[in-house]
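A.B. asks: This is the structure, below, for whatever I ask next.
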Amino acid sequence: MLAYIDKIKEISNRLLKEGKVDMVIGFRKGTVPMMNEPCFVKTPEDVDNFVWDSNCGINLANYLTNRKEKIGIVAKGCDSRNIVTHVIENKIKRDQLVIIGVPCKGMIDRHKIEAMFETEIQDVIEADDKIIVKGQGLEKTLNKKDVLQDNCALCIHRNPVIHDELVGDPVEEQKDLDRYEDVRKIEFMSPEEKWRYFDDLLSTCIRCYACRNACPLCYCPTCFVDESRPQWVGKSQDPIDTRTFHFLRAYHCAGRCTDCGACERACPMGIKVRTFTRKLEKDCLELFDWEAGLTLEERPPLDTYRPDDPDDFIK
Amino acid sequence: MKVIIINKEAWAGGLERLYDSFRLFGPVKQDEFHIFKELSKGELPDMNLLNTRLSAKSMVYPQSEKMFEFTLDENRDDHHMLKEIHKDYSPRAVIGIRPCDAKAFLLVKANFDSPEYKDPYWIKSYESTTLVGYACNNPSSTCFCTTAGCGPFHEQGLDLLLVDAWDHYFAKVITEKGENFLAAAGWSSEADSDTACDEIETMRQAAEAKITTRISTDKLKDKNTTELFEAPFWEDVAFACINCGTCTYLCPTCWCFDIQDETFGLSGIRMRNWDSCMYPLFTLHGSGHNPRDTKRQRIRQRFMHKLKYYVDKYEDGIQCVGCGRCISHCPVNIDIRKVCTLMNGFEP
């Protein structure tokens, strides 16, 4: 995956030189291990700022919302699906974009890696499918596949579904995965068990909204939690309000979420927020045979009506 | 300077005795990180930590704090009257607070306890609290306290400084509160002050040498505010920002709050919650106008407040203690050290 960077730079350079785009959105090297920073480049001289490695987990589609420029954007599989969703939902026009597709083998989970060691991680080096972690008195080689973000381990759309350029040959898609084992476990719980499980899951939430704001789907001009007339949700740390925020946000993403994992990656408290969105992803797949962001030709199931929509819930 | 030696064997017993006169708070590992929590009797603070994920500011200034209660029931004589909610301001001690978080209380104090304004909740809470610091022998790579007016063994804001010296702690007495805390614990074995101070000094120097990242703040004061405000680099700094409140909520020196009334049927409470300048709602006027309606304006406000307005207003350095939490946990890796360099070095 490291080899992509030369191609990303070359394409960006060409697009900017030829005036095809006003800016290219990608990543630059982060200042701490396992972090890169989303950035834009407007001149060919600056394309050398771009990096590509397994720390590019932030979904760049989030940076397209309502932009007016012609934009080149570096897109992994999930980013490309959110670009599709953005185009369908009129947040950006397809002809404004030159999509630089990146076949992806998954991003590494910094929360997971940090939790594996008592000492602080000071450097992380990537080599092929290995991740070398260094710290004070620590040097350990990990297999990348063991430390992938949970969503990447379960990803079945690693290749961009839409692109104008491609920086490498498509990678093999993962097949025969049981993607919803954990969701089924929760489905089988009694209501009381579920309640406890969710309360526990959200107990450390600080309502910083990093999950919401890292999500390309959350572009409402005013989020329901910020409405004041009427005020739907309290702003304190009352568990009822925290729960309401997470549940409603998840439902608002139903049929739109691509399981890019940006929410979970962003959470400063390490909360597994995908637990909610994945249940809805599973429902959409089972009820509507729908996976978000795969085609520009079809609107998501929850904003369309078909006579054969499932209606078993009407008694 | 009085230094007491606390043998680690006497640690648990001393804490046990402290429960009689203090509510004790300390770092506890929850999931994969440490947070400050009230310790139940017999529970020990986990002293094997870099720092807590959230700062210690909530020990004095909780994220959500009830202020008043009221009733809307007009059959009652006291309807629509705000009544103070009783709070526990009995003595308490925060054990294991890092010097950066302790220094941060003094910065926050400039807002909550000034000659003009006195915040009764913050002041009462702060005054009832004994801060038992814990020197950092092994600072983290995102720490830059030594160039942010603080340091791994910094004593400002602390009542007592514990220094981990293998089988014992040195407890350096800084205030009378600290002295009382030691007395209540029954820790009284006084060290030879000169030798202990020398030993602590050696450890301090070793710890400070491990802090390799530095910021320069020397030119901030002389910068022209308007020119800095209009600086072209804000577009680049702001681009990645997703406008979440992580930096402000994890920060030990961010103090902004929002006051809310919440009603349940006919009864209600007035409370205050942390707020964040990263949120559009923070500055939304009743008219619908928002003077800071772009993320560039909001992120600029945060850094200008910390690194320029505060510097100019209080003439006491920057509003940052270099704890590095915002660097480690920003979801998109916006780094205050980089922004400070841009601001300090800016030439229009």
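A.B. asks: Does the stretch B:213-247 hold any residues that are in contact (Cβ under 8 Å) with a residue 24 or more places away in the chain and at the interface with another protein chain (Cβ under 8 Å from one of its Cβ atoms), and which are they?
C.D. replies: Answer for the stretch B:213-247, where residues must be in contact (Cβ under 8 Å) with a residue 24 or more places away in the chain and at the interface with another protein chain (Cβ under 8 Å from one of its Cβ atoms): B:Ala240, B:Ile242, B:Asn243, B:Cys244, B:Gly245, B:Thr246.
A.B. asks: Just one of (1) under 19 Å from B:Pro99 (Cα atoms); (2) modelled with pLDDT under 95 trips up B:Ala191, so point out which.
C.D. replies: In the conditions (1) under 19 Å from B:Pro99 (Cα atoms); (2) modelled with pLDDT under 95, B:Ala191 misses (1) alone.
A.B. asks: Give the residues of the stretch A:2-58 that are more than 10 Å from chain B (Cβ to nearest Cβ), under 18 Å from the mean Cα position of the chain (by Cα) and either crowded, with 22+ Cβ neighbours inside 10 Å or of a type in the set (A, V, I, L, M) (or both), sorted by residue number.
C.D. replies: Across the stretch A:2-58, the qualifying residues are A:Gly26, A:Trp52, A:Ser54, A:Cys56.
A.B. asks: Continuing with the same structure: Report, by residue number, each residue of the stretch B:135-166 that is within 20 Å of B:Glu199 (Cα to Cα), among the small types (Gly, Ala, Ser) and surrounded by 24 or more Cβ atoms within 10 Å (Cβ to Cβ).
C.D. replies: Within the stretch B:135-166, B:Ala135, B:Gly151 qualify.
Each row is one residue, and each column tells you yes or no for (1) of a type in the set (Val, Ile, Thr); (2) surrounded by 17 or more Cβ atoms within 10 Å (Cβ to Cβ); (3) out of contact with any Lys or Arg (no Cβ under 9 Å at 6 or more places or on another chain); (4) within 14 Å of another protein chain (Cβ to nearest Cβ).
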residue: B:Pro280; (1), (2), (3), (4): no, yes, no, yes
residue: B:Gly288; (1), (2), (3), (4): no, no, yes, yes
residue: B:Thr294; (1), (2), (3), (4): yes, no, yes, yes
residue: B:Tyr309; (1), (2), (3), (4): no, no, yes, no
residue: B:Lys313; (1), (2), (3), (4): no, no, yes, no
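A.B. asks: Quick check: anything in the stretch B:249-257 touching a helix residue (DSSP H, G or I) at 6+ places or on another chain (Cβ under 8 Å), farther than 15 Å from A:Asp226 by Cβ and surrounded by fewer than 21 Cβ atoms within 10 Å (Cβ to Cβ)?
C.D. replies: yes
A.B. asks: Pick out the one residue from B:Ser64, B:Ser55 that is buried (at least 22 other Cβ atoms within 10 Å of the Cβ) and touching an Asp or Glu at 6+ places or on another chain (Cβ under 8 Å).
C.D. replies: Only one candidate passes the filter, namely B:Ser55.
A.B. asks: Here's another thing I want to ask about it. Test B:Arg300 against the criterion of being assigned to a helix (DSSP H, G or I) and either more than 11 Å from chain A (Cβ to nearest Cβ) or modelled with pLDDT under 95 (or both), and give yes or no.
C.D. replies: Against the criterion (assigned to a helix (DSSP H, G or I) and either more than 11 Å from chain A (Cβ to nearest Cβ) or modelled with pLDDT under 95 (or both)), B:Arg300 qualifies.
A.B. asks: Test of understanding: among A:Ile206, A:Ile186, which residue is surrounded by 11 or more Cβ atoms within 10 Å (Cβ to Cβ), closer than 16 Å to A:Phe247 by Cα, touching a Leu at 6+ places or on another chain (Cβ under 8 Å) and in contact (Cβ under 8 Å) with a residue 12 or more places away in the chain? Spell out how you get there, then give the answer.
C.D. replies: On the way: A:Ile186 fails: touching a Leu at 6+ places or on another chain (Cβ under 8 Å).
Testing whether each residue is surrounded by 11 or more Cβ atoms within 10 Å (Cβ to Cβ), closer than 16 Å to A:Phe247 by Cα, touching a Leu at 6+ places or on another chain (Cβ under 8 Å) and in contact (Cβ under 8 Å) with a residue 12 or more places away in the chain leaves just A:Ile206.
A.B. asks: OK, next. Can you go through A:Asp123, A:Asp169 and tell me which one is in contact (Cβ under 8 Å) with a residue 24 or more places away in the chain, farther than 21 Å from A:Cys260 by Cβ, in a loop (DSSP other than H, G, I, E, B) and of a type in the set (Asp, Glu)?
C.D. replies: The conditions single out A:Asp169.
A.B. asks: I'd like the full set of residues that are outside any strand (DSSP E or B) and at the interface with chain A (Cβ under 9 Å from one of its Cβ atoms), limited to the stretch B:248-267.
C.D. replies: Once the filter is applied, which keeps residues that are outside any strand (DSSP E or B) and at the interface with chain A (Cβ under 9 Å from one of its Cβ atoms), the stretch B:248-267 yields B:Thr248, B:Tyr249, B:Leu250.
A.B. asks: Please state which of the following conditions A:Ile100 fails to meet, knowing it meets all the rest: (1) at pLDDT below 95; (2) in a strand (DSSP E or B); (3) among the hydrophobic types (A, V, I, L, M, F, W, C).
C.D. replies: Against the list (1) at pLDDT below 95; (2) in a strand (DSSP E or B); (3) among the hydrophobic types (A, V, I, L, M, F, W, C), A:Ile100 comes up short only on (1).
A.B. asks: Mind checking which helices (runs of 4 or more DSSP H) fall wholly inside the stretch A:198-302 and carry at least 2 residues that are more than 9 Å from chain B (Cβ to nearest Cβ) and modelled with pLDDT of 95 or more?
C.D. replies: A:239-252, A:262-266, A:274-288
The values are calculated or read from the model by the stated rules, or taken from the named source; none is laboratory data. None of these values were measured; they are calculated from a predicted model. For neighbour counting, all protein chains shown are included, and Cβ atoms are generated from backbone atoms with ideal geometry for every residue, glycine included.
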